[in-house]
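As structure tokens, the structure follows; a few thoughts come after it.
The values are calculated or read from the model by the stated rules, or taken from the named source; none is laboratory data. Treat the numbers as computed from the prediction; the structure is a model and nothing was measured. Note: ideal-geometry Cβ built from the backbone for every residue, glycine included; neighbour counts use all protein chains shown. The protein model used for the area step is the full one, side chains on, heavy atoms only, and it has no ligands, DNA or RNA in it. Shrake-Rupley method; radii C 1.70, N 1.55, O 1.52, S 1.80 Å.
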Amino acid sequence: MAQPKKLVLIVIDGLTPAAFERGVEAKTTPALAALAERGRYGTATSVFPSLTPVCLSSIATGGGPDVHRIPHLVWWDRGGRRLVEYGSSFGAIKAAGMARSITDAIYTMNQKHLSTDATTIYEAVEDAGLVAGAINITCYRGRTRHRPTLPGVTKPAFGPRRFFFYSLFESDQTGAPLAVRNRAGGSIDAYAASVGRWLVTRDGFDFLAYYLSDYDYASHVHGPESAHDALARVDAAVASLTAAAGGVDEFVERYAVVVCSDHGQTHVRKAVPLQDAYTRISDEVLVTGSNRAAMVYRRERCTHETAALAALLDAEPSVEVTLWREGDEAVARRDGEELRFAPSGDGWQTSGDATILDHPHALARVWSALANPNAGELLVSAAPGFEFADLAGRHHAGGGSHGSLVAGDSLVPMLTVGLEAQPTRITEIVPAVLEHFGIAPPPYARPLAHAA
Ligand SMILES: [Zn+2]
């Protein structure tokens with residue numbers, strides 16, 4: 001049998017299917033359009049909460065939050081008795097403690113928070129004797145120890161053999177410019193493009209995760225329909241890979257390709273601090289909110305049942321649905337109505353009003369989020385147009401945001417070239433890539449559906 005092609009996974013943070021399709025149809029994104037001409041396109045569903053650390057951990061492990069255990073951008077670590085903040089905003093990082101947050105985002109998320117029950121794509125690929133690479137993706141855990149390349153930083157990290165992380169870790173000297181010069185101007189993706197060009201020129205990997213983060217940043221500021229300049233820069237970063245192979249045809253001849261995003265974005269016009277809904281019992285609960293999802297943790301002295309904490313949010317216009325576990329069931333509450341559900345065989349057993357969770361793959365995503373031991377007892381998905389202010393009161397009102405169960409936050413573009421399976425959820429990327437290489441998927445991965 002012929003050797004499978006090598007594979008490049010391109011993740012464009014926050015790119016909606018609509019923005020992707022417009023760029024491809026109008027050819028304003030020529031590199032993506034050229035790949036789309038040669039591949040298969042559909043949409044796929046993200047996880048809940050649809051926030052980058054949760055989504056990238058799912059993309060890199062093939063598991064939901066119940067498997068990888070990263071619950072949100074900001075959460076309460078019960079064992080460590082402290083708040084974890086991966087970077088909701090610069091203000092939130094300062095509020096949570098600058099050094100601590102940066103350490104959490106760069107090291108602790110991979111070394112401690114990411115469950116050892118989850119296998120990363122890099123671990124799976126390299127255990128099979130292949131070489132994996134990662135550029136800038138925040139879920140990077142691998143088996144090779146890398147020393148930092150920035151002066152003054154000494155703590156090592158464990159990544160794949162080819163490991164590049166915002167100029168902080170560089171497994172090879174590529175001559176790429178410093179990543180963190182001008183975020184709004186696209187310097188992080190310019191760094192990724194420079195490293196990617198170097199790696200493709202040398203054909204230096206079997207699997208490469210190529211993560212472009214600048215689009216999400218621009219879309220938060222300008223809104224999901226207006227980040228045109230950022231999309232053009234994303235396309236240029238993709239073009240630098242294909243050009244390094246000698247052109248698109250040469251690129252897809254050498255590599256299978258997956259292009260996707262981690263979550264969508266929707267417009268937000270109003271932000272609220274959700275903890276205000278609990279002012280009268282503020283010593284009983286801890287609320288962690290950011291973007292369009294929040295979690296409520298019951299403190300030890302809490303006398304309210306989780307159901308009662310949910311009912312207290314009934315009158316909140318920012319809240320669309322509240323979610324919690326009750327025994328073997330999950331409960332979703334919206335406008336005072338409830339839906340109860342539990343897995344049953346290949347499907348779900350439900351009672352109550354099914355329209356409460358009328359969102360893409362909602363029951364499975366909610367179940368997975370609630371089964372994460374690091375999640376709050378109560379999860380909250382925001383109503384359209386609303387956002388929950390973060391620790392520092394920061395938000396994106398007037399721009400774009402994501403995190404909720406609604407389709408706009410949850411659906412992502414999924415383009416594959418030369419791949420046998422077409423993922424319909426971001427958790428199917430790992431099993432599809434491993435199948436391509438002839439490697440067994442991790443035990444928690446969902447079986448792939450194949451077109452007849
Ligand atoms: Zn974002």
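How many Å² of accessible area per residue for region 166-271, probe 1.4 Å? Present the calculation step by step, with values, prior to reporting the outcome.
Numbers: 3870 Å² over 106 residues.
For region 166-271, the solvent-accessible area averages 37 Å² per residue.
Could you state the orientation-averaged shadow area of the convex hull built on the Cα atoms of region 270-405, in nm² to one decimal? Walk me through the numbers before you get to the answer.
Details: hull surface 32.8 nm².
Here the figure is 8.2 nm², rounded to one decimal.
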Quiz item: How big is region 160-315 in terms of Cα radius of gyration and Dmax, in angstroms?
Solution: 21.9, 65
Quiz item: For the chain, what does -39500 (n - 2.57) per DSSP helix run (n ≥ 4), summed and divided by total residues, give at 222 nm, in deg cm²/dmol to the nearest 500?
Solution: -8000 deg cm²/dmol
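What ranking of V153, V131, V430 comes out by heavy-atom accessible area, probe 1.4 Å, highest first? Spell out each step's value before the answer.
Numbers: V153 50, V131 25, V430 5 Å².
My answer, sorted largest first, is V153, V131, V430.
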Quiz prompt | Base-10 log of normalised Debye intensity for region 1-135 (one unit scatterer per alpha-carbon) at q = 0.20 Å⁻¹ | solution = -1.22
Exercise. Please arrange R82, R446 by accessible surface area, largest first, computed with a 1.4 Å probe and ligands excluded.
Key: R446, R82
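Sort 111-123, 206-218, 406-418, 240-252 for me by packing, meaning the mean count of neighbouring Cβ atoms within 10 Å per residue, highest on top.
206-218, 406-418, 111-123, 240-252
Could you rank the peptides 224-232, 13-21, 365-373, 352-360 by their average count of other C-beta atoms within 10 Å per residue, with the highest value first?
Values: 224-232: 19.4, 13-21: 23.6, 365-373: 21.1, 352-360: 16.9.
Result, highest mean first: 13-21, 365-373, 224-232, 352-360.
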Quiz prompt | HN-Hα J in Hz across region 24-37 - Karplus 6.51, -1.76, 1.60, θ = phi - 60°, x for Gly and Pro | solution = 6, 5, 7, 6, 6, 10, x, 5, 5, 4, 5, 5, 4, 4
Quiz item: Taking a probe of 1.4 angstrom, what is the accessible area of R233 in Å², to the nearest 10?
Solution: 90
Quiz item: Per-residue accessible area for H396 at 1.4 Å probe radius, Å² rounded to 10?
Solution: 50
Quiz item: How much of the DSSP beta bridge set in region 96-214 is antiparallel, as a percent to the nearest 5?
Solution: 40
Self-check item: Exposure of K6 as accessible area (Å², to 10), given a probe of 1.4 Å and all protein chains
Solution: 50
Quiz item: Which percent, nearest 5, of DSSP beta bridges in the chain are antiparallel?
Solution: 70
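How large a share of the accessible area of region 206-258, in percent, is made up of carbon and sulfur atoms when the probe is 1.4 Å and the other protein chains stay in place? Mind showing how you got there, number by number?
On the way: 860 of 1710 Å².
Accessible surface attributable to carbon and sulfur in region 206-258 totals 50 percent.
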